[in-house]
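Since the structure comes first, as structure tokens, the remarks are kept for the end.
The values are calculated or read from the model by the stated rules, or taken from the named source; none is laboratory data. Source: prediction; values computed, not measured. FYI the Cβ positions are ideal-geometry reconstructions off the backbone, even for glycines, and counts take in every protein chain you see.
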Amino acid sequence: MTVAVEKERETFDVVVVGAGAAGLYMLHKLRGLGMRAVVIEAGDNVGGTWYWNRYPGARCDVTSVEYSFSFDKELEQEWNWSELMASQPEIERYMNHVADRFDLRRDIRFETRVTSATWAEGSRRWLVTTDRGENLVAPQVVMATGCLSSPLKPDIDGMDAFNGTSIQTSLWPKEGIDLTGKRVALIGTGSSGVQSTPEIAKIAGHLTVFQRTPTYTWPSMNRPLTEEDLAKVKANYETLRETQRKSRVGIAGSFNGALIEPPTAKLLPLSPEERQEVLDKYGFGATRMFADIATDMEANILAREMYAQVVRKMVHDPETARKLTPIDYPIGCKRGVVDQDYFESFNRENVTLVDLRDEPFVAVNETGIKTTKSQYDFDVIVYATGFDAMTGALNKIDIRGRGGEKLKEKWADGPRNYLGLMATGFPNLFTITGPGSPSVLSNMLVSIEQHVDWITDCLAFMRADGDETIEPSLEAEDRWVDHVNQVAEGTMYVAPSCNSWYLGANVPGKVRQFMPYIGGVGAYRQKCDEVAAKGYEGFVLGKAREAVGAR
Ligand code: FAD
Ligand code: NAP
């Protein structure tokens, strides 16, 4: 438990919050500018997502060679990924390697949580406070707090009464937890639940999966990487990175054929026989091979029927197959899940599916979980119940900009900013992969690097130009918010039947707004570069306080 003792003020050029991939790379770049930076991290080590999410089966859904830093050629050459889609321990090792290789730890304060950030108009500085009583003063603050770093626990009656072990996938203990032979409940069937199901099933005495909404999930093509694979990638990294940066979702796809660029062929014009042929050949893959599935509800419904057919083939018990089949929301509304043997797990004798639509929770009690139909007893309850995504970690910090305006209040009707990078009224406060940027719709390491590079260039520009402050004009912010909303229109992401964390729908009371920018990684990068090339068009720089004040 952290004890806060008020401390003397310390001054820095930049305070960075978070030591995941974004915070690590930001620190490295700030050092390159000769700036004095400090990183504040709540965990006791680096890695962010890959530090916290240690549940069995946690794994990347992007190929390892693509989900890695590109900023250092030697790093690229010296690191050897062992699998096509790396597991959590391997990615965590990689993040630690990066921290050590670039000697980053000496400027990171661990087990410390930032509690507030307040802009002081007079000094043009941020005052950042922590739960250890630190008072950090800096002209610039970078929020590298993560989009999926604010865990959500459901509000089910009696949760504290359970006598066994309760655990969240996103807060899995470092020392692990022995599930061997145990009676385990798993609540939630998003990516975390789907990834952990087969792994828990392998070791638990019995696994009961509590599902509220069935999931669209596609089989991973994971396999070990050979020396030959690695040699090939290492010889071609430059092209791969270039392709990633210009792509739509930050994935070159050339290496393995997984999650490639959006298709162009259409499903609707195919005859039933042609559709069946594709389905027989590609299985689940057939339901993400056609462009119109993402934009045309009729095509989407056809694809759903195809998806259901494959589930029926995979899952032996017809009733379980029926329950596992999504029926009331489109493919492409939520983040596609990538699994290893998910549906196969339900053919095991030690796995049971409980459909919460048939039998909702009544309560958690001393021995387990009571639904409207049964009492289930457990040794362990695992909550795979997701995150307050994109805005959660930021809103937990009391951020106050000009005139004491609270960021949380400014964003009460949904996040508003320019390019996903900065919000009007909050000068010199950058967000990495914030709402309004491609962020969670992309291979995030590509988007993180792009944001960090852009922020670094911006700070270098300001220094050379003699600027003290930067923030977007309200006009630029309004235009960007309109654009972000407009490009999402007509996609499955915002279909009325879609309820995803992208829309904030998983958090009670959170306003419904599609938060990430769907315009594509390549196009977005170009836009950001153009803005910079035009002297930070849409931003108000330096001593233009009067102009901003008059908005
Ligand atoms: P994070 O890794 O979330 O790091 C943020 C850090 O900030 C955390 O360590 C947190 O403790 C710290 N922090 C937050 N608030 C405070 C505060 N107030 N004070 C101090 N510290 C604070 N993306 C992909 O592209 N591909 C994938 O396959 C993929 N898999 C994922 C799997 C899981 C289980 C999850 C949860 C996410 C996954 N993501 C994936 C998204 C993933 O979050 C990003 O890829 C990336 O790791 C984000 O890095 P980050 O540094 O921006 O944020
Ligand atoms: P999630 O997708 O939000 O899934 C949460 C699950 O918990 C849902 O099935 C939800 O059901 C269920 N749930 C929540 N509250 C509940 C309640 N009160 N009762 C019953 N069920 C409840 O969260 P996640 O699985 O952690 O994934 C979040 C994101 O993290 C992913 O979309 C992805 O971007 C990233 N991630 C990636 C990977 C990877 O493959 N690399 C792995 C894990 C996470 P409803 O759908 O009915 O709300």
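When each of 424, 456 is tested for being over 16 Å from the mean Cα position of the chain (by Cα), more than 16 Å from ligand 2 (Cβ to nearest atom) and outside any loop (DSSP other than H, G, I, E, B), the lone residue that passes is 456.
For every residue, the table says whether it meets (1) within 9 Å of ligand 1 (Cβ to nearest atom); (2) within 25 Å of residue 167 (Cα to Cα); (3) buried (at least 21 other Cβ atoms within 10 Å of the Cβ).
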residue: 32; (1), (2), (3): no, no, no
residue: 36; (1), (2), (3): no, no, no
residue: 44; (1), (2), (3): no, yes, no
residue: 51; (1), (2), (3): yes, yes, yes
residue: 57; (1), (2), (3): no, yes, yes
residue: 60; (1), (2), (3): yes, yes, yes
residue: 63; (1), (2), (3): no, no, yes
residue: 80; (1), (2), (3): no, no, no
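If you go through the range 483-511 and keep only what is away from ligand 1 (no atom under 16 Å from the Cβ), in a loop (DSSP other than H, G, I, E, B) and under 18 Å from the mean Cα position of the chain (by Cα), you end up with 499, 504, 505, 510. Close Cβ contacts (under 9 Å, 6 or more residues apart or on different chains) running from residues in the range 426-437 that are of a type in the set (S, T, N, Q) to residues that are within 16 Å of ligand 2 (Cβ to nearest atom) and outside any loop (DSSP other than H, G, I, E, B) comprise 433/22; 433/439; 433/440; 433/444; 433/447; 433/448; 437/447. For the range 473-490, the condition holds for no residue, the condition being that it is more than 16 Å from ligand 2 (Cβ to nearest atom), in contact with a Cys (Cβ under 7 Å, 6 or more places away or on another chain) and over 21 Å from residue 330 (Cβ atoms).
Quick check: is even one residue across the range 386-393 at pLDDT 95 or above, touching a Gly at 6+ places or on another chain (Cβ under 8 Å), farther than 19 Å from residue 23 by Cβ and not aromatic (Phe, Trp, Tyr)? Checking the range 386-393: at least one residue is at pLDDT 95 or above, touching a Gly at 6+ places or on another chain (Cβ under 8 Å), farther than 19 Å from residue 23 by Cβ and not aromatic (Phe, Trp, Tyr). Taking residues in the range 475-499 that are on the phi > 0 side of the Ramachandran plot, and partners anywhere that are in a loop (DSSP other than H, G, I, E, B) and not aromatic (Phe, Trp, Tyr), the pairs with Cβ atoms closer than 7 Å and at least 6 places apart or on different chains are 490/295. Taken over the range 126-153, the criterion of being part of a loop (DSSP other than H, G, I, E, B), at pLDDT 95 or above and within 16 Å of ligand 2 (Cβ to nearest atom) is satisfied by 145, 146, 147, 148, 149, 150, 152.
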